[in-house]
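Q: Okay, handing you the structure first.
Only the coordinates and a few stated rules stand behind these numbers; no lab work does. Computed from a predicted model, the values in this text were never measured in an experiment. Using ideal geometry, Cβ is built from the backbone for each residue, glycine included, and neighbour counts are taken over all protein chains shown.
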Amino acid sequence: MLIERTKNGDSLSHHIVSELREGVLSLGINRPERKNALTPQMYTGLADALIEAGTSDHVRVVILHGSEEIFCAGNDIEQFAAHEPAQDERPSIYFMHALSRLMKPVIAAVNGPAVGIGATLLLHCDLVYAGRNTQLVFPFVKLGLCPEFASTLLLPSRLGHQRAAELLLLGEPCDADRALLLGLVNDVLDPEDVLPRARETAARMASLSMQALQTSKTLMREGIQQACEQQIAKETVAFSRLLTSPEAKSAFEAFLKRRKPD
Ligand code: COA
């Protein structure tokens, strides 16, 4: 079975490509002109697809991917600069909950920059394959913001506080080899091999017992799920407050006008 839903107005956004084949749902972020930066419509499209995947008997495994050049430049900064929706109305929050609550395996195929939420979402995937050109960047503090998507909980607990601080407080980019060393990705490959590798692993997983997979993932997540949700809620309050700060506004303006931030 193959489903392609790329038309605007469909349940998936214009910039999200979906394909369902032999139990594997591939969700591709496809907005190359903006380096796959995510808009509210794209978050909603992804979240709807993930929620549907959780209940559909046709979906056993999910793959998230970008292109061979770019995974995702994070939240659309133009939209950050223009809009101030109330904290829990942000479609990004809807997406975060949809991904972190999905108890079917999620495999990420990453190439090029994975910035902001493009990097933090990887902490909620079960397997991550990275191209040699991958760069994980958590630029929140540099933008006058704070990290989100439970990354303030998950990164320190996985890497130790000091190594997490390099990534989260300094916003230092992490290349593919370092990400492998830190245990943030499963393998590093040539960019053209990343998606095929994710597909091969997904096919192997899809041939296993669905009930056993879901039960096992649920057990793996159980101990941290509630803590993640609480952290997302706390981060969301802080993030929403910082989003309207003069420092953040100035950083967004600097990015959009291609000048150094004040
Ligand atoms: N939001 C909106 N537009 C973005 C964007 C974002 N997050 N990231 C990139 N773009 C746009 C650029 O403004 C540029 O637009 P233009 O062609 O109209 O000038 C276009 O995408 C290409 O980006 P560019 O910066 O020229 O590409 P690059 O290959 O040199 O660098 C990145 C790619 C992803 C490293 C860089 O764009 C970047 O750092 N983006 C910001 C990411 C970020 O801080 N996100 C976190 C938000 S919390």
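Q: Let me know the Rg and Dmax you get for the stretch 201-262 when you use only its Cα atoms, in Å.
A: Expressed in Å, the Cα Rg and Dmax of the stretch 201-262 come to 20.5, 55.
Q: Among the listed pairs LYS35/LYS104; LYS35/LYS142; LYS104/LYS142; LYS35/LYS249; LYS142/LYS234, which have their C-alpha atoms separated by more than 31 angstrom in this model?
A: LYS104/LYS142
Q: Let me ask something additional. Over the Cα atoms of the chain, what is the Rg over Rh ratio if Rh follows Kirkwood?
A: Details: Rg = 17.4 Å, Rh = 18.5 Å.
In the chain, Rg relative to Rh is 0.94.
Q: In nm, what is the difference between 0.36 nm times the number of residues separating ILE51 and HIS161 and their Cα-Cα distance? Before the final figure, lay out the partial values.
A: Values: separation 110, 0.36 × 110 = 39.60 nm, distance 3.26 nm.
Net length gain for the segment: 36.3 nm.
Q: Another question about this same structure. Calculate I(q)/I(0) for the stretch 163-204 by the Debye formula, one identical point scatterer on each C-alpha and no solvent, and give its log10 at q = 0.18, 0.22, 0.24, 0.28 Å⁻¹ to two decimals.
A: Calculated log10 I(q)/I(0) at the listed q: -0.62, -0.77, -0.83, -0.95.
Q: If you look at just the Cα atoms of the stretch 123-262, how large are its Rg and its Dmax in Å?
A: 17.8, 55
Q: Now, a different point. In Å, what Kirkwood hydrodynamic radius results for the stretch 70-156 from the alpha-carbon pair distances?
A: One over the average 1/r among Cα pairs gives 13.7 Å for the stretch 70-156.
Q: Would you mind computing, in nm to one decimal, how far apart the modelled labels at LYS234 and ALA203 are, each placed 7 Å from Cα along Cα→Cβ?
A: Label-label distance for LYS234 and ALA203, simple model: 4.4 nm.
Q: If you filter the stretch 156-231 for GluC sites (Glu not before Pro), then keep DSSP loop positions with at most 11 other Cβ within 10 Å, what is left? Don't skip to the end; give the middle numbers.
A: Working: sites: GLU166, GLU192, GLU200, GLU222, GLU229; in loops: none.
Qualifying residues, ordered by number: none.
Q: I've got another one for you. If you stretched the chain out fully between THR215 and ALA81, how much longer would it get, using 0.36 nm times the residue separation minus the C-alpha to C-alpha distance? Mind showing how you got there, number by number?
A: Details: separation 134, 0.36 × 134 = 48.24 nm, distance 4.16 nm.
Once the chain is fully extended between THR215 and ALA81, it gains 44.1 nm.
Q: Something else now. Tell me what the chain gives for mean residue ellipticity at 222 nm when only DSSP H runs of n ≥ 4 count, each as -39,500 (n - 2.57), the sum divided by the residue total, rounded to 500 deg cm²/dmol.
A: Values: 10 runs with 121 residues, N = 262.
So the helix-based figure for the chain works out to -14500 deg cm²/dmol.
Q: Moving to a separate point now. Roughly speaking, what is the centre-to-centre gap between the stretch 223-253 and the stretch 44-73 when only Cα atoms are used, to the nearest Å?
A: Between the Cα centre of the stretch 223-253 and that of the stretch 44-73, the gap is 23 Å.
Q: Right, another one. Taking the DSSP beta bridges in the chain as the whole, what percent of them are antiparallel, to the nearest 5?
A: Numbers: 8 of 29 bridges.
Roughly 30 percent of the DSSP beta bridges within the chain come out antiparallel.
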